[in-house]
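Please find one structure pasted underneath; my questions will follow.
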Amino acid sequence: MRQDKQDARQLKIVIVGHVDHGKSTLVGRLIHETGALPEGRFEAIKAQSERRGMPFEWAFLMDAIQAERDQGITIDTTQIRFRTERRPYVIIDAPGHKEFLKNMVTGAASAEAALLLIDAHEGVQEQSRRHGYLLSLLGVRQVAVLVNKMDLVGYSADRFGQVAEEYRAYLKGLGVEPSCIIPISAREGDNMTAHSGRMPWYQGPTALQALDGFETLPRPFERPLRMPVQDVYKFDQRRIIAGRIESGSLEVGQEVIFSPSNKTARIRSIEAWQAGTPETVRAGQSVGVTLDEQIFVERGEVMSHVADAPQETNVFKARLFWLGRNALEQGARYTLKLGTLETEVTVEAIERVIDTDDLSAKAATRIERNGAGEVVLRTRRLLALDEHEENPATGRFVLVENHMPVGGGIVSMEGYPDQRHLVTVRSTNITAVGHAVTREARTARNGHKGGVLWFTGLSGAGKSTLALALERELFAKGYLVYVLDGDNVRGGLNKDLGFGPEARAENIRRIGEVAALFADAGFLVISSFISPYRADRERAKEAAGAAFHEIYVKASLEACEDRDPKGLYRRARQGEIAEFTGISSPYEPPEAAELVVPTDELPVEECLGMLMRYVGERFQNTR
Amino acid sequence: MDHLDELEAESIFILREAFAKLDKLAILWSLGKDSNVVLWLCRKAFFGHVPFPVMHVDTERKFPEMYAFRDRYAKEWNLNFIRELCPPIEATDPTLPPAGRSAARKTLGLRAAIEKHGFEGLILGIRRDEEAIRAKERYFSPRDETGQWNLKDQPPEFWNQYMTSFPEGTHVRVHPILHWTELDIWKYTKRENIPLIDLYFSKNGKRYRSLGDKDITSPIESEAADIDAVIAELETTRTPERAGRAMDHEAEDSFERLRAAGYM
Ligand SMILES: Nc1nc2c(ncn2[C@@H]2O[C@H](COP(=O)(O)OP(=O)(O)O)[C@@H](O)[C@H]2O)c(=O)[nH]1
């Protein structure tokens, strides 16, 4: 294919690095040498420096406004254009000063490639590392490292080697491989556009060649279709669903699903104004469609193909960076924006805070401004999203506090189930048949009410022991009582389910429904499952309504691990059992259990006593 | 998608975000090539409609061709058109240079119009490549009660998420073509066949590259008499676009002072 120079796609690049390591100088030099400066600009700035009695600085070309010159630091992203033989570029000059990290983020988030500068004399500094870290988090994968000010270190190959190795090792810790590491002097012009005679030991690419070596990123046409709904328009007789296709492609006639409402319809038409009537649209396009059915869809939903829908959850893990003036706190609430959806979110846990200096992680309850870490977030509404790895556009989000965007993060579903299959669209065309035998009649006959005692707790906390003991005691007292546990459920009802997060969630969903039926029939059901996710228990509670009693069988992880009756913890620690609750997947303790039974504090008999008293008070027919 | 398609898709996305998130929205129509493109993009975004008022803040010192253009297309495009007037020059800050005062009239007129209609958001056709300070702009740029732009502490914008909710009293400028260049505007105008005032084309060796008020805009030397010639000219020039506007050259910081005060 012929490379048409004029129409080669423009590449967006960002230039980052510690303050004073030469970013502005590099940009000034680049635009001058590629002939991109507006006429007279170079001379004007030169004259201006002289007027002010200051030596000429290349950086002045970038800092062409008063405020910047006075402050002496570049304060924001500016977009500067130039072109090489290969293609046009837009440089987003990002500042190095710590205070303005949010501006660096603004610039770098839209860049396809980055040049990262390090002063050869000063070596790798705090911001060199932090910027490297942010580039990786923001998804900028193409990075060239420029070791600048080689003139200050006598163009020493040794010094270059030291700096290059140190930084290469740092990037490796982030899983980033730089495309090249180049010794330059931005001020003197060495290895910028041509090899400099002053560093004969370096034969690699020049800074300009490094740029031309980057690739413009292809649009994600091959990924599953994702179109976050921006709006639904009814300006005329058409009802148009509008949004931008973030990935994949769409054709007229295809069946689509909207998540998380899980409604489906077919595409009747793709609408456009002054652009014909397209039959297909692809990633990157802002489009509008009409559907063959009048379903209610609103902003915030994600349109996809039925077979390849996004995941749904209200709890997930994230790696995030924080720009807020106030630290991010455990338990704090923010607004989360993901695609076009906005919802309230709570920081359920801060799993670790990352020190970007050495990439070490430590436990903490807050992430300070300009910091980064890993958190568990719980949203009020169900979200449609993807793992960031699988689909960046629908796998990242922004947090907002007091109207201001204060952080950004990427989604990991590790250890959390996709709740998609659990959104039971309760059939609306079946009206519940009223039983001729009333609940009161059953209670009167049985001498007690029906209900669900939902035991939850870690493996080894004592759920089964207590459940079976309680069953025996209650049966002896004449109760209609039955224990649901792994043994009787997994053998038949849930025989088809595995042990992955989704299957475990489905397992619990079915148990919740069965337990509710038993309770309705007048039984006292004791369900004995780890049921680690709050969302799952919420659902079981919804199924049984007021008859649901959450019983937290509580023992610390250490206590359970000590007991380890079946040797499961040992095997999980050795990595033989994947996604073992408490070890490699989370346990979310109840927030408001009806009863907490602390088995690591009280002997079994006392625990049983607590349960018997509880049942007596709540279930015995008092009339 | 080619370069223009990419620009267009991004602008449409921004316009739709603004329309979805901002309650009282309007577009500022200065009658020039940039705001014509923005109007065109609105019609693309909203499938032939412009679902909010289109406002011209009139200095009453525009070229007659501009008024004729305005009256024609306001009707032809079925716009919800609003015209607001600027206050007399005496109302402006006397310490500003003359052309700056003239521009400041517009600031005052605009501020009054915003207040009168209670607009929460205003769509403007400014571009980053116009002037160094505009390069600092965000797509969604909040202004406080007095119209002040706090350029040193702007909200971050990334991953297509913008600041779209605001404390009481703030209003927001929305800049859907911020990422376009002058050349992009011309190529798009040509491709889409968007109507244009012919002051942009050469007559007697001169044409206007940018249209402000009569008294503060001067034509440049040019033989470019049609759109192709203009594009060819721009592909080689390195003179900045606003060179023909007096205000920018009077004091190094006059543009910034005006901008901070709400002039766009
Ligand atoms: N000796 C030397 N000085 C440089 C070089 N590049 C930049 N500088 C100087 O380093 C200082 C900071 O540069 P600047 O570009 O403003 O850094 P920024 O803060 O990263 O934008 C200025 O005084 C520059 O002249 C270089 O290659 N060699």
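Which aspartates and glutamates does residue A:495 reach when only Cα atoms under 17 Å apart count, and residues fewer than 8 places away in its own chain are ignored?
A:485, A:487, A:506, A:513
Solvent-accessible area per residue for the protein assembly as shown at a 1.4 Å probe radius, Å²?
Here the residues of the protein assembly as shown average 42 Å² of exposed surface.
For residue A:510 paired with residue B:206, estimate the spin-label separation in nm (one decimal), with each label point 7 Å from Cα along the Cα-to-Cβ line.
Spacing of the two 7 Å Cα→Cβ label points: 8.5 nm.
Give the percent of DSSP beta bridges with both residues in the protein assembly as shown that are antiparallel, rounded to the nearest 5. Walk me through the numbers on the way to the answer.
Details: 86 of 140 bridges.
Taking every DSSP beta bridge with both residues in the protein assembly as shown, the antiparallel ones total about 60 percent.
I've got another one for you. Give me the tail of P(r) for region A:312-414 as a percent: Cα-Cα pairs with distance above 15 Å.
57 percent
Further, regarding this structure: Taking the dipole about the Cα centre of the protein assembly as shown, with the C-beta of Lys and Arg at +1 and of Asp and Glu at -1, give me whichever of A:156, A:180, B:54 is farthest to the positive side.
The residue sitting farthest along the positive end of the dipole is B:54.
Can you give the accessible area buried between chains B and A, summed over both chains, with a 1.4 Å probe, in Å² to the nearest 100? Let's see the in-between values first.
Numbers: alone 12320 and 29940 Å², together 36930 Å².
That pair hides around 5300 Å² of surface in total.
I'd like the trypsin sites (Lys or Arg not before Pro) in region A:195-254 restricted to DSSP loop residues with at most 12 other Cβ atoms within 10 Å, sorted by number.
Details: sites: A:198, A:226, A:234, A:238, A:239, A:244; in loops: A:198, A:234, A:238, A:239.
Within region A:195-254, the qualifying trypsin sites (Lys or Arg not before Pro) (loop, at most 12 other Cβ atoms within 10 Å) are A:234.
Count charges around residue A:251 for me, please; just the other residues with Cβ under 11 Å from its Cβ, Lys/Arg as +1, Asp/Glu as -1.
Numbers: positive: A:266, A:282; negative: A:255, A:279.
Surrounding charge for residue A:251 is 0.
Could you work out the relative contact order of chain A, using alpha carbon pairs under 8 angstrom and six or more residues apart, expressed as a whole percent? Please report the intermediate quantities before stating the final value.
Numbers: 1268 pairs, mean separation 52.3, N = 623.
Once divided by the residue count of chain A, the mean separation gives 8 percent.
Hey, what number do you get for the protein assembly as shown at 222 nm if only DSSP H runs of n ≥ 4 count, each worth -39500 (n - 2.57), divided across all residues, to the nearest 500? Can you show the working numbers first?
Details: 24 runs with 262 residues, N = 887.
Mean residue ellipticity, 222 nm, calculated: -9000 deg cm²/dmol.
Would you kindly calculate the mean projected area, averaged across all directions, of the convex hull enclosing the Cα atoms of region A:150-290, in square nanometres? Mind dumping the intermediate values first?
On the way: hull surface 55.9 nm².
Averaging across all directions leaves 14.0 nm² for the Cα convex hull.
Do any GluC sites (Glu not before Pro) in region A:141-217 lie in a loop, going by DSSP, with at most 13 other beta-carbon atoms within 10 Å of their beta carbon, and if so which? Walk me through the numbers before you get to the answer.
Values: sites: A:165, A:166, A:188, A:215; in loops: A:188, A:215.
Counting only loop positions with at most 13 other Cβ atoms within 10 Å, the GluC sites (Glu not before Pro) in region A:141-217 are A:215.
Another question about this same structure. Between A:196, A:481, A:335, whose Cα lies farthest towards the positive end of the dipole of the protein assembly as shown when Lys and Arg beta carbons carry +1 and Asp and Glu beta carbons carry -1, centred on the Cα centre?
A:481
Got a sec? Which residues in region A:308-352 would a label at residue A:380 touch, if it sits 7 Å along Cα→Cβ and we count backbone N under 18 Å?
Counting only backbone N, you get A:313-316, A:331-348.
Take the Cα radius of gyration of the protein assembly as shown and divide it by 2.2 N^0.38 Å, with N its residue count; two decimals is plenty. Can you show the working numbers first?
Numbers: Rg = 32.3 Å, N = 887, 2.2 N^0.38 = 29.0 Å.
Taking N as the residue count of the protein assembly as shown, the ratio is 1.11.
Take peptide B:19-31, look around each residue's Cβ out to 10 angstrom, count Cβ atoms belonging to other protein chains, and average those counts. Could you put the intermediate results ahead of the total?
On the way: counts 4, 8, 5, 0, 0, 0, 0, 0, 0, 0, 0, 0, 0.
The per-residue average across the peptide is 1.
For the pair residue A:487 and residue A:576, what calculated FRET efficiency results from E = 1/(1 + (r/R0)^6), where r is the Cβ-Cβ distance and R0 = 22 Å, to the nearest 0.05?
On the way: r = 22 Å, r/R0 = 1.00.
Calculated transfer efficiency: 0.50.
Dipole of chain A, Cα-centred, from +1 at each Lys and Arg C-beta and -1 at each Asp and Glu C-beta, to the nearest 20 debye? Each step should come with its number before you reach the end.
On the way: 78 positive and 87 negative charges, 227 e Å.
Dipole of chain A, to the nearest 20 debye: 1100 debye.
Which of the peptides B:24-32, A:452-460, B:201-209 is most tightly packed, and how do the rest follow, judged by the mean count of other Cβ atoms within 10 Å per residue? Numbers along the way, then the final one.
Details: B:24-32: 21.2, A:452-460: 26.9, B:201-209: 16.4.
Packing proxy ranking, top to bottom: A:452-460, B:24-32, B:201-209.
To the nearest 20 debye, what charge dipole does region A:438-619 have about its Cα centre, counting +1 at the Cβ of each Lys and Arg and -1 at the Cβ of each Asp and Glu? Write down the numbers at each step before the final one.
Values: 24 positive and 28 negative charges, 110 e Å.
The dipole magnitude comes to about 540 debye.
Turning to a different aspect of this structure: What is the spin-label model distance, in nm, from residue B:153 to residue A:439 if the labels are put 7 Å beyond Cα along the C-beta direction?
Result: 5.6 nm between the two label points.
What shape does region A:498-617 have by the C-alpha gyration tensor, where a ≥ b ≥ c are the square roots of the eigenvalues, rounded means a/c under 1.5, and otherwise prolate means a/b greater than b/c and oblate the rest?
Values: a/c = 2.26, a/b = 1.24, b/c = 1.82.
Oblate is the answer for region A:498-617, as a/c is 1.5 or above yet b/c matches or exceeds a/b.
Oh, and also: How shielded is A:396-405 by partner chains, expressed as the average number of their Cβ atoms within 10 Å of its Cβ atoms? Can you show the working numbers first?
On the way: counts 4, 2, 8, 1, 5, 0, 2, 8, 8, 9.
Rounded to a whole number, the mean comes out at 5.
With label points built 7 Å along Cα→Cβ from the Cα atoms of residue B:75 and residue A:234, find their separation and express it in nm.
3.3 nm
Hey, another quick one. If you take each beta carbon of peptide B:159-169 and count the beta carbons of other chains within 10 angstrom, what is the mean? Could the numbers behind the result be given before it?
Working: counts 16, 11, 13, 3, 5, 5, 6, 2, 3, 0, 0.
Neighbouring Cβ atoms belonging to other protein chains average 6 per residue here.
Within region A:183-250, list the chymotrypsin sites (Phe, Trp or Tyr not before Pro) lying in a DSSP loop whose Cβ has at most 13 other Cβ atoms in a 10 Å radius.
Details: sites: A:201, A:202, A:214, A:221, A:233, A:235; in loops: A:201, A:202, A:214, A:221, A:235.
Passing both the DSSP loop test and the Cβ count: A:201, A:221, A:235.
For region A:312-414, what's the relative contact order in percent, using C-alpha pairs closer than 8 Å and at least 6 residues apart? All intermediate terms of the calculation are to be shown ahead of the outcome.
Details: 266 pairs, mean separation 39.2, N = 103.
This gives 38 percent for region A:312-414.
Follow-up. Roughly speaking, to the nearest percent, how much of region A:321-360's 1.4 Å accessible area is carbon and sulfur?
Working: 570 of 1600 Å².
In region A:321-360, the share of accessible area belonging to carbon and sulfur is 35 percent.
Using the crude model of +1 on Lys and Arg Cβ and -1 on Asp and Glu Cβ, and no other charge, please compute the dipole size for region A:312-414 relative to its Cα centre, in debye to 20. Intermediate values should be presented prior to the final figure.
Numbers: 13 positive and 17 negative charges, 86 e Å.
Magnitude of the dipole: close to 420 debye.
In addition: Show which lysines lie in cross-link reach of residue A:23 when reach means a straight Cα distance below 30 angstrom and same-chain residues fewer than eight apart are skipped.
Answer for residue A:23, where 30 Å is the Cα cut-off: A:5, A:12, A:46, A:98, A:102, A:149, A:172, B:136, B:152, listed by chain and number.
Going Cα to Cα from residue A:449, which lysines come in below 20 Å? Please leave out same-chain ones fewer than 8 positions away.
The qualifying lysines are A:477, A:541.
The values are calculated or read from the model by the stated rules, or taken from the named source; none is laboratory data. What you see is a predicted model; the values in this text were computed from it and never measured. Using ideal geometry, Cβ is built from the backbone for each residue, glycine included, and neighbour counts are taken over all protein chains shown. Heavy atoms of the whole protein, side chains included, go into the accessibility calculation; ligands, DNA and RNA do not. Shrake-Rupley method; radii C 1.70, N 1.55, O 1.52, S 1.80 Å.
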